[in-house]
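Step one of this worksheet: look at the structure below.
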Amino acid sequence: MATTKKRVLVIDDEPAVVTYLRTLLSDNGYDTLSADNGRTGFLTAQKEKPDLVCLDITMPEESGIRFYRNLRDDPALAKTPVVVVTAVTGIGGDPEPFRHFLSTRRQVPPPEGFISKPIDRGEFLRVVATALAGPVRA
């Protein structure tokens with residue numbers, strides 16, 4: 001029985017980050033797509049229905065925060081897991097204040113994962129795999 005590769009949409013305005021993440025994901029068995037801002041990322045997500053989105057927050061034209069809210073508001077995409085990959089973190093690189101900010105705005109649920117830049121390769125792959133596996137059920 002053939003297994004289908006999971007498709008990951010990488011949204012980041014830094015070409016080097018997009019190349020790095022797409023290469024890392026491809027080398028680890030994932031199909032990848034990319035976009036350089038939230039607006040084109042959302043159009044790509046609507047068309048391609050990725051299994052997961054890796055999302056930067058600070059981007060031109062449309063921010064990752066707006067993309068995230070739009071994704072969660074779209075019935076066809078609302079359950080798509082999101083891993084935030086960003087340099088925007090709290091004091092000392094602690095992502096918890098940022099997670100809290102995302103989850104309290106308009107009652108939007110928090111993303112499934114959060115990775116701070118610079119990206120730790122092993123942690124990134126672990127968070128992606130966990131997000132794609134879905135919620136752990138007791």
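No value in this document is a laboratory result; all are computed from the given coordinates. A quick note: this is a predicted structure, and the numbers were derived from the prediction, not measured. Virtual Cβ from ideal backbone geometry, glycine too; neighbours counted across all protein chains shown.
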Pair Asp31, Lys6: separation of 7 Å Cα→Cβ label points (nm): 1.5
Label-to-label distance, nm, for residues given as Thr23 and Arg69 (7 Å Cα→Cβ offset): 3.6
Extension reserve of the Asp13-Leu125 stretch, reckoned as 0.36 nm per residue once the Cα distance is removed: 38.3 nm
Net charge of neighbours whose Cβ lies under 11 Å from the Cβ of Ala131, counting Lys and Arg as +1 and Asp and Glu as -1: 0
Qualifying lysines (Cα of each under 23 Å from Cα of Lys6; at least 8 residues distant if same chain): Lys47, Lys49, Lys79
Highest average packing first - 72-85, 31-44, Cβ atoms within 10 Å: 31-44, 72-85
